[in-house]
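The values are calculated or read from the model by the stated rules, or taken from the named source; none is laboratory data. What you are looking at is a predicted structure, and each value in this text was computed from that prediction instead of being measured. Every residue, glycine as well, gets a Cβ built from its backbone with ideal geometry; the counts of neighbours run over all protein chains shown. For the accessible areas, the whole protein counts, side chains as well, though only heavy atoms, and no ligand, DNA or RNA atoms are used. Shrake-Rupley method; radii C 1.70, N 1.55, O 1.52, S 1.80 Å.
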Amino acid sequence: MDPKRLSCDPAAQAMLALMAEAGIETAWDRLEAQEPQCGFGQLGLCCRICNMGPCRVDPFGDGPQRGVCGADADTIIARNFARMVAAGAAAHSDHGRGVAHAFLAMARGEAPDYGIKDRAKLLALAKELDIQIDGQDDKAIAQELGELLLAEFGKPHGTQRMAERAPETRKAVWKNLGILPRAIDQEIVETLHRTTMGVDQDYKSILRHASRCALGDGWGGSMIGTELQDVMFGTPRPRKGEINLGVLKEDEVNLVVHGHEPLLSEMVAAAAADPALVAEARKAGAAGINVAGICCTANELMMRHGIPMAGNFLSQELAVATGAVDLMCVDIQCIMQGLADLVEHYHTKLITTSEKARMQGVEHVPMDEARALEVARTIVRKAIEAYGRRRHEVHIPREKGEAVVGFSHETINYMLGGRFRASYRPLNDNIINGRIRGVAGVVGCTNPKVRHDAGHTGLVRELIRRDILVVTTGCSQIACGKQGLLTPEAAAEAGPGLREVCEAVGIPPVLAVGSCVDNSRILVACAEMVREGGLGDDIADLPVAGACLEHITEKAISIGQYFVASGLLVVFAEQLFPVWSESQVARYLFDEIAEELGGRWAVEDDPVKAAELMAAHIEAKRDALGINQTHERKLYSMEDRQRLAVE
Ligand code: NFS
Ligand code: SF4
């Protein structure tokens, strides 16, 4: 396997070559060993929901067309799809619930190492949720807020409070369809119930409920996670940091934090900066302690502290193979089990920290919010000890670049609107006058079935070239960062209109919004753009689209579905989309769903064609808004001007 074909990241290529030479296995090798993968499974046509199965439906019509229970292809595909949404929503929302628990413990004084970093946001949230703030101290307000938001996960009555943020027109769409999300857990449980054998057998009904479940994620569990993390750890502001494997340091203790929850990584970052521990590291012969992030934890840490990012999902094994990682501590989600075997080849200490995510044969240091900093100190000490055991030659690729991250919706508001009147007016105006054609959210994972990072960055480059402002999260954000797209200088690659705006404001053409739960920030930004006026009265009217061409996880399916159910076009890679293209389910998701919800799915493997699809959607929305005829803006070159003068 040629490393250049596996990844477009030179640091990853170097590590892949090195690992191949040493005969050390990666996810790419394991993928090769799995091939050919099951074609039924790839198309969503395999059902193992009950024990009369597993059943499969033959897409060519020769074999069986029904499962033992009589389920047809569409029921099977829809059930599988809905279950992916439920699992994704569960992952995001259980993370959100963990944050809400810690938040409440903080407010009650039971988690002394956590606090309130963004008081303004605390008060704004409390006000938004009708919590009395006059005469109450911050901790009391936080306690009420924590109780209220924690109850959102399991309340017996009513619909999601955070979803009230959506524009009125959008809420009416959901209400008419009967999919306003209720308690988050309820939507997930009901998805599992409906999709067991012999329950919901109408693919549209199953998929409508999948929308409801996904909305409970985006406008519920994820949004609660994001908001409370901001109050506790600070709302992100633009911050510069270094990115790629070159951030590992040969002469320092390298502690890599991998996973998703800032509850752990915030504490590890604080402990690593403790002068007493730095002194211990020096005594062990290291020049200092270097903390670096992988996956969404990397996004969380850089946008709040400027802590460097080592890489995204597919970089986790490559980082260990540098021989420079002394300790990797993980919490939840996107942690490859392959790491446990891999670290056996090196001195690297692997540590799990979440009760929900253990690994066989791996030391477990349980995170405890009541004594969080102490746990983090223990982890840092273990990293220092491991440094003393380094026996390998260290191979750190030289590649590292700079990235500016931390464009929370509040920041975009502020950067574009200015100090005195933070607002989305300038963004809307620039969309209306056509300098910016629209906005694209490019999000999600890195999958070894696709050339690493190439799907994201290829698409992003095509979009900004077409004057489409990009917002990015998750592993896509890290892919963009590694290729320099998260710097103001990247505006040079943008079309003339977008470049002009970026240069005037000093922002990159690709705005790093955060982790995957922070896709909820994109929903809030869309709602604000509608509220600001001039771009229609629903999210579905906005010239906005979303995409992920390298998706892996069920979380990505949930995100895609809540973007669609919020009214947007969402493009995924065809080769990775788990729906048989000839099915009625495909017809519904790619087309008919738009009549119900305004948004729809589309599939495309080629980044250039995906960009064309998104641009066409954006232009169609602009046409419908009537902003293409009246405000079409031509950029005149000097030659054009002279010609005009002569005529
Ligand atoms: Ni999102 Fe973050 Fe990455 Fe995909 Fe995994 S890290 S939550 S799921 S792989 S983007
Ligand atoms: Fe087969 Fe029906 Fe059972 Fe699925 S639910 S495994 S299609 S019998």
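Here Ile77 meets the list (1) within 16 Å of ligand 2 (Cβ to nearest atom); (2) assigned to a loop (DSSP other than H, G, I, E, B); (3) in contact (Cβ under 8 Å) with a residue 24 or more places away in the chain almost entirely, failing just condition (2).
Counting only helices (runs of 4 or more DSSP H) wholly contained in region 519-596, the ones carrying 1 or more residues that are of a type in the set (Asp, Glu) occupy 519-532, 554-565.
Among (1) within 26 Å of Asp541 (Cα to Cα); (2) touching a Phe, Trp or Tyr at 6+ places or on another chain (Cβ under 9 Å); (3) assigned to a helix (DSSP H, G or I), where does Gly441 come up short? Of the numbered conditions (1) within 26 Å of Asp541 (Cα to Cα); (2) touching a Phe, Trp or Tyr at 6+ places or on another chain (Cβ under 9 Å); (3) assigned to a helix (DSSP H, G or I), the odd one out for Gly441 is (3). Being outside any loop (DSSP other than H, G, I, E, B), in contact with a strand residue (DSSP E or B) (Cβ under 9 Å, 6 or more places away or on another chain) and outside the structural domain of Val268 (by TED's automatic domain parsing) is true for just one of Leu427, Leu416. Which residue is that? Just one listed residue meets the conditions, Leu427. For region 526-543, state whether one or more residues are under 17 Å from the mean Cα position of the chain (by Cα) and open to solvent by 10 Å² or more (accessible area, probe 1.4 Å). So far as region 526-543 goes, no, none of its residues is under 17 Å from the mean Cα position of the chain (by Cα) and open to solvent by 10 Å² or more (accessible area, probe 1.4 Å). Against the numbered list (1) within 16 Å of ligand 2 (Cβ to nearest atom); (2) among the acidic types (Asp, Glu); (3) modelled with pLDDT under 95, Asp58 comes up short only at (3). Go through the residues of region 41-49 one by one and say whether even a single one is open to solvent by less than 50 Å² (accessible area, probe 1.4 Å), in contact with a Lys or Arg (Cβ under 6 Å, 6 or more places away or on another chain) and more than 25 Å from Gly323 (Cα to Cα). Within region 41-49, one or more residues are open to solvent by less than 50 Å² (accessible area, probe 1.4 Å), in contact with a Lys or Arg (Cβ under 6 Å, 6 or more places away or on another chain) and more than 25 Å from Gly323 (Cα to Cα). Of the residues Ala111, Ala102, Ala91, the single one that is in contact with a Phe, Trp or Tyr (Cβ under 9 Å, 6 or more places away or on another chain), in the same structural domain as Pro181 (by TED's automatic domain parsing) and closer than 29 Å to Gln561 by Cα is Ala102.
When the criteria are applied in full, Gln143 meets the requirement of being surrounded by fewer than 21 Cβ atoms within 10 Å (Cβ to Cβ) and not acidic (Asp, Glu). Does any residue in region 131-144 that is under 12 Å from Phe103 (Cα atoms) come within less than 9 Å, Cβ to Cβ, of a residue that is of a type in the set (Gly, Ala, Ser) and assigned to a loop (DSSP other than H, G, I, E, B) six or more places away or on a different chain, and which pairs are these? Here the result reads Lys139/Gly109, each pair linking region 131-144 to a residue that is of a type in the set (Gly, Ala, Ser) and assigned to a loop (DSSP other than H, G, I, E, B).
Starting from region 27-48, keep only residues that are more than 16 Å from ligand 2 (Cβ to nearest atom), then list their pairs with residues that are assigned to a helix (DSSP H, G or I) whose Cβ atoms are within a distance under 8 Å, requiring at least 6 positions of separation or different chains. Close Cβ pairs (under 8 Å, with a partner that is assigned to a helix (DSSP H, G or I)) amount to Ala27/Leu314; Ala27/Glu317; Ala27/Gly338; Trp28/Leu6; Trp28/Leu16; Arg30/Gly338. For Glu393, indicate whether it is away from ligand 2 (no atom under 16 Å from the Cβ), in contact (Cβ under 8 Å) with a residue 60 or more places away in the chain, open to solvent by less than 10 Å² (accessible area, probe 1.4 Å) and of a type in the set (Asp, Glu). It is false that Glu393 is away from ligand 2 (no atom under 16 Å from the Cβ), in contact (Cβ under 8 Å) with a residue 60 or more places away in the chain, open to solvent by less than 10 Å² (accessible area, probe 1.4 Å) and of a type in the set (Asp, Glu).
Note on region 467-486: residues that are touching a strand residue (DSSP E or B) at 6+ places or on another chain (Cβ under 6 Å) and either polar (S, T, N, Q) or not in a helix (DSSP H, G or I) (or both) total 11. For region 544-559, the criterion of a residue being away from ligand 1 (no atom under 16 Å from the Cβ) and farther than 25 Å from Gly458 by Cβ is satisfied by no position. Filtering region 105-120 to residues that are open to solvent by less than 60 Å² (accessible area, probe 1.4 Å) and in contact with a Gly (Cβ under 9 Å, 6 or more places away or on another chain) leaves Ala105, Met106, Ala107, Asp118. Just one of the numbered conditions (1) in contact (Cβ under 8 Å) with a residue 60 or more places away in the chain; (2) within 23 Å of the chain's Cα centre (by Cα); (3) over 17 Å from Gly438 (Cα atoms) is not true of Ala615: (3). With a requirement of 1 or more residues that are open to solvent by 20 Å² or more (accessible area, probe 1.4 Å) and either at pLDDT 95 or above or touching a helix residue (DSSP H, G or I) at 6+ places or on another chain (Cβ under 6 Å) (or both), the helices (runs of 4 or more DSSP H) lying completely within region 252-368 that satisfy it span 262-272, 275-283, 295-305, 338-342.
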